[in-house]
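S.K.: Sharing a structure below in structure tokens format, with a few things to ask.
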Amino acid sequence: MEQADNWSAGTTILVVLAHPDDPEFFLGGAIARWTAAGHTVKYGLLTKGERGISPDFPDSQELARIRVGEQTEAAAVLGVHDITFLDHQDGYLVPSLEIRREVTRLIRSAKPDIVVSCDPQNYFIGETYLNHPDHRAAGQLVVDAIFPAVSNPSFFPELIDEGYPATSVSELWLSLPAQANVVLDVSEFWQQRAQALLRHKSQVGDPEKFLAHLKERRLENSDSDDRYVERFRRIVFRK
Ligand SMILES: [Zn+2]
């Protein structure tokens, strides 16, 4: 069966999410698979995750600095070396017009073929978690930037003066989907994703406990213990 990500060589993929560690948690396997295939993956993160404080990391400004470093290392494990941090307040992200303009600028600047975010309609993760409001806000910002602002020069016309003309993307992929239409088998990248996640030291705690937890989640999410899949809602825009 032909895979949904059977793109031509050298495709550029821009992943726009709320927090450091979201790319690795939501779609680390897919990102590893895409860079292994020779595509270029870039990240745009809307916050620096400074509210992920804990007794070991009590200072939010210091934590923001640490998390930027951890994210840079984790991305490198997956073959990603281009990250933009927009530095909005962690925990208070809202889909405002001001941030929609920034996301539009980010997408026009990166000129990606594919944009990836997360599903703004997903309030619930399984039966035991609520989705973080920043995740929903990030998804909303990206969806609303893609259509109609990114490709329409009459939206945020000041961006054209800044040197960011309208551009178009061919596909939008949303991770953490309420209703998936793509299931990507990324079993062979499970280890690489786990190694990337372990770079987020301030968030994962004890590495052995964390890996055990990750294996449990893998069993919950996939239909056999040697398989690991990541799910998406994929929109392919008509030319
Ligand atoms: Zn998050």
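S.K.: Across the range 200-222, what is the total count of residues that are part of a helix (DSSP H, G or I) and either modelled with pLDDT under 90 or in contact with a strand residue (DSSP E or B) (Cβ under 6 Å, 6 or more places away or on another chain) (or both)?
M.R.: Restricting attention to the range 200-222, the residues satisfying the condition of being part of a helix (DSSP H, G or I) are 201-204, 207-221.
If we keep only those that are either modelled with pLDDT under 90 or in contact with a strand residue (DSSP E or B) (Cβ under 6 Å, 6 or more places away or on another chain) (or both) too, we end up with 202, 215-221.
Number satisfying all stated conditions: 8.
S.K.: Inspect the range 45-62 for any residue being at negative phi, aromatic (Phe, Trp, Tyr) and out of contact with any Pro (no Cβ under 8 Å at 6 or more places or on another chain) and give the result as yes or no. Can you show your working first?
M.R.: Of all residues in the range 45-62, those at negative phi come to 45-48, 50-62.
From what's left, aromatic (Phe, Trp, Tyr): 57.
Imposing the further condition that a residue be out of contact with any Pro (no Cβ under 8 Å at 6 or more places or on another chain) reduces the set to 57.
Yes.
S.K.: Identify, from the list 63, 93, the residue that is touching a Ser or Thr at 6+ places or on another chain (Cβ under 7 Å) and farther than 21 Å from residue 26 by Cα. Talk me through it step by step, then tell me what you get.
M.R.: Details: 93 fails: farther than 21 Å from residue 26 by Cα.
It is 63.
S.K.: Quick check, is residue 76 under 20 Å from residue 192 (Cβ atoms), of a type in the set (Gly, Ala, Ser) and under 17 Å from the mean Cα position of the chain (by Cα)?
M.R.: yes
S.K.: Here is a further query. Look at residue 180 and say whether it is more than 17 Å from residue 115 (Cα to Cα) and out of contact with any His (no Cβ under 9 Å at 6 or more places or on another chain). Step through it out loud before you land on a result.
M.R.: On the way: more than 17 Å from residue 115 (Cα to Cα): no; out of contact with any His (no Cβ under 9 Å at 6 or more places or on another chain): yes.
Considered against the rule, which asks whether it is more than 17 Å from residue 115 (Cα to Cα) and out of contact with any His (no Cβ under 9 Å at 6 or more places or on another chain), residue 180 comes out as no.
S.K.: Something else about it: Can you tell me which of (1) assigned to a helix (DSSP H, G or I); (2) closer than 15 Å to residue 23 by Cα is the one residue 231 doesn't meet?
M.R.: It fails just one condition, (1).
S.K.: Turning to a different aspect of this structure: When the range 22-43 is examined, which residues are found to be under 20 Å from residue 99 (Cβ atoms) and within 14 Å of the ligand (Cβ to nearest atom)? Break it down stepwise before answering.
M.R.: Filtering the range 22-43 down to residues under 20 Å from residue 99 (Cβ atoms) leaves 22-23, 26, 42-43.
Listed by number, the residues that qualify are 22, 23, 26, 43.
S.K.: Residues of the range 9-28 being at pLDDT 95 or above and assigned to a loop (DSSP other than H, G, I, E, B), which ones?
M.R.: Within the range 9-28, 10, 11, 18, 19, 20, 21 meet the criteria.
S.K.: Please go through the range 119-136 and pick out each residue that is within 22 Å of residue 220 (Cβ to Cβ), assigned to a loop (DSSP other than H, G, I, E, B) and within 15 Å of the ligand (Cβ to nearest atom).
M.R.: Those that are within 22 Å of residue 220 (Cβ to Cβ), assigned to a loop (DSSP other than H, G, I, E, B) and within 15 Å of the ligand (Cβ to nearest atom): 119, 122, 123, 131, 132.
S.K.: Restricting to the range 43-63, and then to whatever is over 15 Å from the mean Cα position of the chain (by Cα) and crowded, with 21+ Cβ neighbours inside 10 Å, can you tell me which residue is nearest to residue 130 (Cα to Cα)?
M.R.: 52
Residues checked against (1) surrounded by 21 or more Cβ atoms within 10 Å (Cβ to Cβ); (2) farther than 25 Å from residue 53 by Cα; (3) in contact with a helix residue (DSSP H, G or I) (Cβ under 6 Å, 6 or more places away or on another chain):
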position: 76; (1), (2), (3): no, no, no
position: 81; (1), (2), (3): no, yes, no
position: 92; (1), (2), (3): no, no, no
position: 98; (1), (2), (3): no, yes, no
position: 102; (1), (2), (3): no, yes, no
position: 114; (1), (2), (3): yes, yes, no
position: 119; (1), (2), (3): yes, yes, yes
position: 124; (1), (2), (3): no, no, no
position: 130; (1), (2), (3): no, no, no
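S.K.: Hey, another quick one. Among the residues of the range 24-37, is there at least one that is more than 25 Å from residue 236 (Cα to Cα), over 15 Å from the mean Cα position of the chain (by Cα) and surrounded by fewer than 16 Cβ atoms within 10 Å (Cβ to Cβ)? Can you show your working first?
M.R.: Filtering the range 24-37 for residues more than 25 Å from residue 236 (Cα to Cα) gives none.
Scanning the range 24-37 turns up no residue that is more than 25 Å from residue 236 (Cα to Cα), over 15 Å from the mean Cα position of the chain (by Cα) and surrounded by fewer than 16 Cβ atoms within 10 Å (Cβ to Cβ).
S.K.: Checking residue 106 against (1) closer than 21 Å to residue 12 by Cβ; (2) free of Cβ contacts under 8 Å to residues at least 24 places away in the same chain, which test does it fail?
M.R.: With respect to (1) closer than 21 Å to residue 12 by Cβ; (2) free of Cβ contacts under 8 Å to residues at least 24 places away in the same chain, residue 106 is out only on (2).
S.K.: Looking at 35, 84, which is the one that is in a helix (DSSP H, G or I), in contact with a strand residue (DSSP E or B) (Cβ under 6 Å, 6 or more places away or on another chain) and among the hydroxyl-bearing types (Ser, Thr, Tyr)?
M.R.: Details: 84 fails: in a helix (DSSP H, G or I).
It is 35.
S.K.: Right, here's the next one. Quick check on this structure: which one of 143, 169, 150 is β-branched (Val, Ile, Thr), at pLDDT 95 or above, more than 25 Å from residue 81 (Cβ to Cβ) and under 19 Å from the mean Cα position of the chain (by Cα)?
M.R.: Values: 169 fails: more than 25 Å from residue 81 (Cβ to Cβ); 150 fails: more than 25 Å from residue 81 (Cβ to Cβ).
The match here is 143.
The values are calculated or read from the model by the stated rules, or taken from the named source; none is laboratory data. Model, not experiment: these values are computed from the prediction. Note that each Cβ is placed from the backbone with ideal geometry, even for glycine, and that neighbours are counted across all protein chains shown.
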